[in-house]
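What follows draws every value from the coordinates through simple rules; no lab data is involved. These numbers come from a predicted model, not from an experiment. Heads up, the Cβs are rebuilt from the backbone with ideal geometry, glycines too, and the neighbour counts pull from every protein chain shown.
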Amino acid sequence: MRKLIDENGLRVDGRRVDELRPIKIEVGVLKNANGSASIELGKNKIIAAVYGPKEVHPKHMARPDRSLLRCRYHMSPFSTETRKSPAPSRREVEISKVIREALEPALILEDYPRTAIDVYIEVLQADGGSRVASITAASTALADAGINMRDLVTGCAVGKVDGQIVLDLNDIEDKEGEVDMPIAIMLNLNQITLFQLEGILTPEEFKKAFEMALEGCKKIYQIQREALIKKYFGSSEPIPVE
Amino acid sequence: MRKLIDENGLRVDGRRVDELRPIKIEVGVLKNANGSASIELGKNKIIAAVYGPKEVHPKHMARPDRSLLRCRYHMSPFSTETRKSPAPSRREVEISKVIREALEPALILEDYPRTAIDVYIEVLQADGGSRVASITAASTALADAGINMRDLVTGCAVGKVDGQIVLDLNDIEDKEGEVDMPIAIMLNLNQITLFQLEGILTPEEFKKAFEMALEGCKKIYQIQREALIKKYFGSSEPIPVE
Amino acid sequence: MRKLIDENGLRVDGRRVDELRPIKIEVGVLKNANGSASIELGKNKIIAAVYGPKEVHPKHMARPDRSLLRCRYHMSPFSTETRKSPAPSRREVEISKVIREALEPALILEDYPRTAIDVYIEVLQADGGSRVASITAASTALADAGINMRDLVTGCAVGKVDGQIVLDLNDIEDKEGEVDMPIAIMLNLNQITLFQLEGILTPEEFKKAFEMALEGCKKIYQIQREALIKKYFGSSEPIPVE
Amino acid sequence: MMAKKSMVVERLRKAQMIECLSKGKRLDGRGLLDYRPIVINTEVIEKAEGSAKVSIGNTQVIAGVKVEVDEPFPDTPNEGLLIVNAEVLPLASPYTEPGPPDEDAIELARVVDRGIRASEMIDLSKLVLIEGEKVLAVYVDVNMLDLDGNLFDAASYAVVSALLTARIPKFTISDKGKVVKLNEFTKLPIKTIPISVTMAKIGDTLIVDPTYEEELVMDARVTLVIDSDGNLCAGQKGCSGALSFEQIKLACENAIVKSKEVREIIKRVTGYGEA
Amino acid sequence: MMAKKSMVVERLRKAQMIECLSKGKRLDGRGLLDYRPIVINTEVIEKAEGSAKVSIGNTQVIAGVKVEVDEPFPDTPNEGLLIVNAEVLPLASPYTEPGPPDEDAIELARVVDRGIRASEMIDLSKLVLIEGEKVLAVYVDVNMLDLDGNLFDAASYAVVSALLTARIPKFTISDKGKVVKLNEFTKLPIKTIPISVTMAKIGDTLIVDPTYEEELVMDARVTLVIDSDGNLCAGQKGCSGALSFEQIKLACENAIVKSKEVREIIKRVTGYGEA
Amino acid sequence: MMAKKSMVVERLRKAQMIECLSKGKRLDGRGLLDYRPIVINTEVIEKAEGSAKVSIGNTQVIAGVKVEVDEPFPDTPNEGLLIVNAEVLPLASPYTEPGPPDEDAIELARVVDRGIRASEMIDLSKLVLIEGEKVLAVYVDVNMLDLDGNLFDAASYAVVSALLTARIPKFTISDKGKVVKLNEFTKLPIKTIPISVTMAKIGDTLIVDPTYEEELVMDARVTLVIDSDGNLCAGQKGCSGALSFEQIKLACENAIVKSKEVREIIKRVTGYGEA
């Protein structure tokens, strides 16, 4: 097994343990969608689109007191090292579900009774952390669609590599590392909306990992805000948080 | 080919040619179902559950003059020597159909217009005769659900092994024997509700096999009754047939 | 690669370059269908049936101003050299679509609002040109069903074999030849309703091929008419075109 | 495959039919145990190794046989494969829809298959090319073209006739152990001719070869397959009614008698048994 | 798996439950961190290499282990295969329908699988027969029989218990390099016993082992899997609500405590660790 | 992919469009034979061997090429494989739903594939590693991202651009006859650049590169693919209307002219043909 952190504490892509990969978010990338956003995080290239609130088909699925949130996370056949069949895998079905449940706490679905809101996520290129990047993009697209929200949702993964807790795993760290722990939060509400863990952590390591993930989310949140501001106010300058 | 009946007229599991395997029926084994029963017949372990009468979805399938009986016979992946795919096989589709058609003559479906009655059968472990054991369990579960019935339906298989007509084939006899003939009857009405035959019988052998199957059904019918009595009257003592 | 046209200008089945294979059309071959026709063209054996105008299920697919035309082109498992799976292939899906779009211009669908017309085509034996033979049979079946039409639709393929433009490709010419160009026309309206091309043609070759296909269609059209006349007027004698 | 009809019409039709049957007659004039005319044409699909088109009255079906080289099933290394599929084509009736085979088509295919297999019509042990490795797989696909009742018998006769007249290629094993197809042909190894006889119970009457109209009101259906020696080799009861103990025995007797008639037709048409 | 209920009833039930939970009690009288009675029976399916039936209160599930010889995945040539499937059978509740596993069943199977895999319960490197060519594939299928909440834990305990008691055949490699099954048996190579602890958040209260009624009104669900050393090895948050940062930490503490209790039950029932 | 719209609005829009076209103009100001701006970016997906993102006006598509080692088809043992798939992603328009490709997506993929294949763009005989045993399989998947008409041309240009710029690994055959991937790269063996030109017939006018709005009212669609020598190599008529004999000839002439313009754009963007 190759070493994933060198003697200087640097990772295979030269990052420090608590450093994010380059990240870029763009809002309004699709004309047809009611809201859309693309994200690049490391080699991840992901587009999220929102359609709705809209009529529900079939009608009996409509909820009289709120909107029906539906979510599809899908990987393009060319997004992975080995070609992926376009049919949804069990992994994609599970991730679609946890992403929906990560976005739902932030949405004021009661404002749109008897409607549906569809979130479609296409992973054009996959790197480590595609599900958390997808959540970040999707919540930005929901804001772009003008859906009433309690807060943005921001996702970030943390993990354990060569025995050390590290932020924002890339593909190699994800595959060869010991632990992957993706989370998503509503930063201003101190709430976790996605939490998954795979791999062994002591209770102390868990706490450290969790704090590191929160720090990552804070940085990504700023980039989400800037992307929205850039579209709506024509400026990409950071605006002070209220 | 190994001999399936020895010089003393005993079969591979020590039974005589007209002897049933050990059989055990229990009523009310599931809390959620409106009626349920489990059966053990040799190594068969089968659960049958009844849901209904209930609303029909989709509605256009409802019948204005009777209840819609639906039936699903399904084998668990671990129920067979070699793991079985959980997707329904063509064999399971056919058996689901013949079981439904074996139960339907006993049910007074006219008493429940515009409803559906679902019978779900899960074979947790399969041995020879799983379809007839399923019918026996399912009709007991239908009685447990309080569905109006003309009679219990009782299933039993008969076959030909080493040239002899034998009752209640086990797995080896089913696979290596010459003939399998599962039947189901309404004992008190002298009616056959399931009849299948696979393998060569002379007309005389057919008559003999048929009579032997009827005798088997009579014994199994008593056990069905006792299981119902045990649940509803707290006793497993045989009560004289009216 | 074997030679497909010999020194006398004759093809593998002895035809001249502009000669059709033997063709036979019969009308009213199925009792249940509202209209039906069979065609034999070379080794092609194809049945087309029409059901409708009829109620649409599901209802929301009905069009308030016209009938909904549906079409299914399907090959029997035994219709090809190597057994074909009965599940529809992508090729069958595409051909079903282009056949529907080849028939639709001829049908006065506005005369049957809120209904559906189903065209089912079964290829019992496939030879070169099965899609154009299917169109010819299907439009004859539509006429047999009494659907209001602007004209019959007549299909014919033309291609390029050993560098020469040839009419009505058989199986070997289709597989080993250079170009296949199936077309369908409404002869009396000078309109093309199906056009496909696969293989390289110079603009001049294209014009020549197109004219040859039109000549083929003219001959086939006569046979369509005769088949209809035979059924409805009991005679197979050609009746002069109005 | 289920017709939509009003309950009132259904009850009237059934009453009328029972009335008629009680006089020993059927609506189309046949006797209770009469088949409609059976017409069989074989070798109708040149690209198939065997084929037959069968009509019984207005019911039309077609079967085709394709033979391939395949691996045997692990539990029967010394037997060739026989795979029977049935499709009720959407063009066959107003009540059939496109899609994968439904439970009716699956039952149909399995009962036809069971008759062939249980009668041991084909000696599968003679279809082995290399024991445990390469065998012939005989695919029989039967399509329903036009429905007017009694698909079980029509499909079965088509499959049996296609198998009886199939012309299958010979194979040899090369020095390197490869299967090589020869340009010679042979017949399938036939041991018996199983004949399916399907009866409907309407009221208390058993009739042979029900039409679609009769199937609409029948209480139960029973199919029995009889081999050339007059033995039973497969059976299937269908539909939501029951049969009395006496009726099942009567059905067997009827089947044995009727199977002889039909077997003669099939032998004549296929030329089977002639030198 | 979604119950139909009127909104009014739903709100009333939730209010009542929150009221009750605020006093540290549950509707069935349990304390917030109490499990219902856990009953485990192993070796209930003789034809499976391992099996276990588990009930937690009225929830009943059954798991079976089947072992086959298969090829390894190309990217892990030195590891055996572990495949966990879950089916919520239609007989298990009025809200389940026949059909392929839906997203709930897929999530369930994947979370159970993740707990086994991430804890390294089974030493997959010891399931290799011929490196890169032949390995043991361990299939674990878990069926939900009767639903009353907390399927995640019930399914997980059934799978773990079936694996702990599985009796798998030994294999040897013949001179010709073929895999030969021996008539001897062994246990799976077990390294740890992962225990799943599932909690529901209702209002602001975390409770362990929710019933179906509690699941109907819960805001969020969190499952944590703890290994024999008291470390976390898998986790999954579910449902449309959120958890506060404090709640996730509290959930970890609860899970570590409760996992010890359950592990003792499983060890006792399976006899694991006894000479 | 079918928009819902009222019949009245549809008729008005069509009347307006025909009126406008009769003056030789289109609603967006283009001439009848003008393309919208075509923007092509290649090598946008590093993990794919080749890729291209193409927009024509507001229509956006992306194609990726993946190369694998596979077995040839039995009937073409001396040719590599080319497999083109198309998906209209649900994010691409309000009228698209998740699910397997429908007939529109299947036709799209097959027509794009036909243009590549019939033009002999790629010399498939040069993709053979071991004759009859191992060949390169070139998968091209094209996703529709944002729909505003003329998917046929956009998808085709994306596929062609991705193939022209693909960087595929070299392989060698080891002494033991195994295929070994080298750490060297090469281009695909390109013989010609096929260019798809799609026209819509609205009323009696033929226009090039229809928008979604124009597609809503078009009577027929015709796509012609022209190779580098100005020959026709593939064609497809679509939609429920017909074309006159003259229109099909006119369509060919238009396609030959327009294909040259687009080929120049693709050559410039991909650098194809430059030393």
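General remarks:
- Ranked C:Ser130, D:Ser156, criterion: other C-beta atoms within 10 Å, fewest first: C:Ser130, D:Ser156
- Each of B:Glu7 and E:Leu33 was given a label point 7 Å from its Cα along the Cα-to-Cβ line. The distance between the two points is 7.1 nm.
- The modelled label-to-label distance for the pair B:Glu176/F:Thr76, using points 7 Å beyond Cα in the direction of Cβ, is 5.2 nm.
- The stretch E:208-258 - Debye-derived log10 I(q)/I(0), Cα point model, q = 0.22, 0.26, 0.31 Å⁻¹: -0.86, -1.09, -1.27
- When each of C:Lys207, E:Lys237, B:Lys160 is scored by the number of other beta-carbon atoms lying within 10 Å, the sequence from fewest to most is C:Lys207, B:Lys160, E:Lys237.
- Inter-part distance where the stretch C:162-182 and the stretch A:146-190 are each reduced to a Cα centre, Å: 60
- A label point on B:Lys175, set 7 Å along the Cα-to-Cβ line, lies at 4.2, 4.2 nm from each of its counterparts in the other copies, closest listed first.
- The calculated FRET efficiency for D:Val179 paired with F:Asn183, based on their beta-carbon distance and R0 = 45 Å, is about 0.65.
- Listed pairs B:Lys31/E:Lys258; B:Lys45/C:Lys84; D:Lys181/D:Lys267; B:Lys45/B:Lys207; E:Lys66/E:Lys178 exceeding 32 Å between Cα atoms: B:Lys45/C:Lys84
- In chain E, one over the average inverse separation of all distinct C-alpha pairs is 19.6 Å, which is the Kirkwood hydrodynamic radius.
- Top positive-direction residue, dipole computed over the protein assembly as shown with Cβ charges, set B:Ala33, B:Ile5, A:Gly52: A:Gly52
- Placing a label point 7 Å from Cα along the Cα-to-Cβ direction at A:Leu10 gives distances to the equivalent points in the other copies of 8.1, 8.1 nm, listed shortest first.
- On Cα atoms only, tilt of F:151-165 relative to the major axis of chain F in degrees: 30
- Cα shape, the stretch F:152-275, gyration tensor, a/c 1.5 rule: prolate
- Cα-Cα P(r), the stretch B:1-94, percent of pairs per 10 Å interval: 12, 26, 33, 19, 8, 3, 0
- Sorted from nearest, the other copies put their E:Val44 label points 5.5, 5.5 nm away, the label point being 7 Å from Cα in the direction of Cβ.
- Between the beta carbons of C:Ala62 and A:Met61, assuming R0 = 25 Å, the FRET efficiency works out to 0.70 to the nearest 0.05.
- Just so you know, the averaged projected area of the alpha carbon convex hull for the protein assembly as shown sits at 62.6 nm².
- Area projected by the alpha carbon convex hull of the stretch C:23-232, averaged over all directions, nm²: 11.8
- Residue of chain E nearest the E-to-D rotation axis [by Cβ], rounded angstrom distance: E:Pro100, 8
- Projecting the Cα atoms of B:Phe78, D:Ile130, F:Ile207 onto the charge dipole of the protein assembly as shown, computed from C-beta unit charges around the Cα centre, puts F:Ile207 farthest toward the positive end.
- Nearest-ten-degree value, helix E:7-22 long axis tilted from longest Cα axis of chain E: 90
- Whole-angstrom gap from the stretch C:37-53 to the stretch F:1-73, using each part's C-alpha centre: 37
- Value of Rg to Rh for the stretch F:1-104, rounded to two decimals, is 1.11; Kirkwood radius and Rg both from alpha-carbon coordinates.
- Each Lys and Arg adds +1 at its Cβ and each Asp and Glu adds -1 at its Cβ; summed about the Cα centre, the protein assembly as shown shows a dipole of about 1900 debye.
- Axis between B and C by rotation; chain B residue with nearest Cβ and distance in whole Å recorded as B:Pro58, 6.
- Modelled FRET efficiency - R0 56 Å, E:Val257 with F:Glu10, Cβ distances, 0.05 increments: 0.25
- Note on the stretch F:89-203: with charges restricted to the Cβ of Lys and Arg (+1) and Asp and Glu (-1), its dipole about the Cα centre is near 740 debye.
- Rounded to the nearest 20 debye, the dipole size of the stretch D:31-141 about its Cα centre is 420 debye, using +1 on the Cβ of Lys and Arg and -1 on the Cβ of Asp and Glu.
- Residue exposure sequence - A:His74, A:His60 - by fewest surrounding Cβ within 10 Å: A:His60, A:His74
- With both labels modelled 7 Å from their Cα along Cα-to-Cβ, the F:Glu133 to E:Lys23 distance reads 8.0 nm.
- Each stretch of four or more DSSP H residues adds -39500 (n - 2.57); spread over every residue of chain F, this sum gives -9500 deg cm²/dmol at 222 nm.
- Normalised by the number of residues in chain B, the average gap of Cα pairs under 8 Å and 6 or more apart makes the relative contact order 21 percent.
- Under 5 Å between amide hydrogens, built in the peptide plane, is the criterion, and for B:Asn32 it picks out E:Leu147 among residues at least 5 positions away or on other chains.
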